[in-house]
Each structure stands twice: as structure tokens, then as C-alpha cells.
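All remarks here apply to the structure that follows.
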Amino acid sequence: MDIRTAVAEDKPEVNVVRLSGRLDATTSQTAQPVILEALETSAAGIILHMASLDFISSSGLRILFILIKNAAADGKQIAIVGIPPSIYKIFKIAALEKFFRFFENESDAIRELWP
């Protein structure tokens, strides 16, 4: 798993987290603190860029449940961009698609959630 964080170019109060590879039991212990810190250090929320994510397990979904809870408590938004169809299918099975907003790219997410 490769995970990278950065500040959004058009919106400095939003952090972008790029995930690639597999988010599973082996990688979630490393990924969780990075993702949660990205949310904590943002003023408005985060964008999860998943275009290069190959697989997500129940351990990865658990991180997203925690992320949803923390974002709601802090009044922040979460956007998911570039999600592959196979990963989106897992979101639907887990009923997570109801809690996230999905966008084709970062610009659309910023324009819609953080105008």
C-alpha cells in the first residue's frame, strides 16, 4: 500500500489522501493513523483519492467507519474521487455509499463540497 497526503491545490483547508494498492488487514494499521491525521489537520475535510486502490477489506472499511464518525463530530466533509467500480461495489455491499459523496475528480469535489 502506498498512501500520500497533500493539501488540495485549489483549497488549502482540504487535505487529499491518495491511496494505492491494497487496504487490508496488513496495511490498515499503517494507513489508519495517516488518514485520521489528514482529517484532523484539515480545516474543512478530506478528499480520498482511490483511483489506484486495488482492494479494500473489512479492515479498510473499519477505517472508513471511524473516519465518518470523526468527520461528523468535527463538522467536516469527506469526498471520494476516482473510485474503481470494483471498490464501489464493496461500498454498496457494506452500505457505505450512503455516507460518502463520490466525484470523478478533485475539482468537482471541491466545487461541490467546499465552494
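We did not get these values from a lab; they are worked out from the coordinates using the rules stated. It should be emphasised that the depicted structure is a prediction, and the values quoted were computed from it without experimental measurement. Cβ placement follows ideal geometry from the backbone for every residue including glycine, while neighbour counts extend to all protein chains displayed.
Summing +1 for each Lys or Arg and -1 for each Asp or Glu, what net charge is found among the other residues whose Cβ lies under 15 Å from the Cβ of Arg22? Before the final figure, lay out the partial values.
Details: positive: Arg18, Arg62; negative: Asp2, Asp24, Asp54.
Once all neighbours under 15 Å are counted, the net charge is -1.
For each of Phe91, Phe99, Phe65, count neighbouring Cβ atoms within 10 Å of the residue's Cβ, then give the residues from fewest to most. If you can, show how the numbers build up before the last one.
Values: Phe91 20, Phe99 16, Phe65 12.
With the fewest neighbours first, Phe91, Phe99, Phe65 line up as Phe65, Phe99, Phe91.
Which entry is the computed Cα Rg over 2.2 N^0.38 Å for this structure: (i) 1.04; (ii) 0.95; (iii) 1.29?
For Cα Rg over 2.2 N^0.38 Å, the calculated option is (ii).
How much of the DSSP bridge set in the chain is antiparallel, in percent, rounded to the nearest 5? Kindly include the intermediate steps, with their values, before the conclusion.
On the way: 6 of 23 bridges.
Looking only at bridges with both residues in the chain, the antiparallel portion is about 25 percent.
Under a 10 Å cutoff between Cα atoms, tell me which one of Gly75, Gly60, Gly21 has the largest fluctuation in the Gaussian network model of the chain.
Ranking Gly75, Gly60, Gly21 by mean-square fluctuation puts Gly75 first.
Return the calculated 222 nm mean residue ellipticity for the chain, to the nearest 500 deg cm²/dmol, obtained by summing -39500 (n - 2.57) across DSSP H runs with n ≥ 4 and dividing by the residue count. Can you show the working numbers first?
Working: 4 runs with 51 residues, N = 115.
Here the helix-only value at 222 nm equals -14000 deg cm²/dmol.
Where in the chain are the helices, taken as whole DSSP H runs, whose Cα atoms extend 20 angstrom or more along the long axis and whose Kyte-Doolittle mean reaches at least -1.0? Mind showing how you got there, number by number?
Working: long enough: 25-41 (25 Å, 0.15); 58-74 (24 Å, 0.92).
Result, helices passing both filters: 25-41, 58-74.
Given charges of +1 on the Cβ of Lys and Arg and -1 on the Cβ of Asp and Glu, with all other atoms neutral, how large is the dipole of the chain about its Cα centre, in debye to the nearest 20? Kindly include the intermediate steps, with their values, before the conclusion.
Numbers: 12 positive and 14 negative charges, 83 e Å.
Dipole magnitude for the chain comes out near 400 debye.
Under 18 Å from a point placed 7 Å out from the Cα of Ile68 along the Cα-to-Cβ direction: which residues of the stretch 98-115 have their backbone N that close?
Answer for the stretch 98-115: 98-103.
Could you compute the longest span of the chain free of GluC sites (Glu not before Pro) located in DSSP loops and having at most 15 other Cβ atoms within 10 Å, not counting the site residues?
Answer - 14-103.
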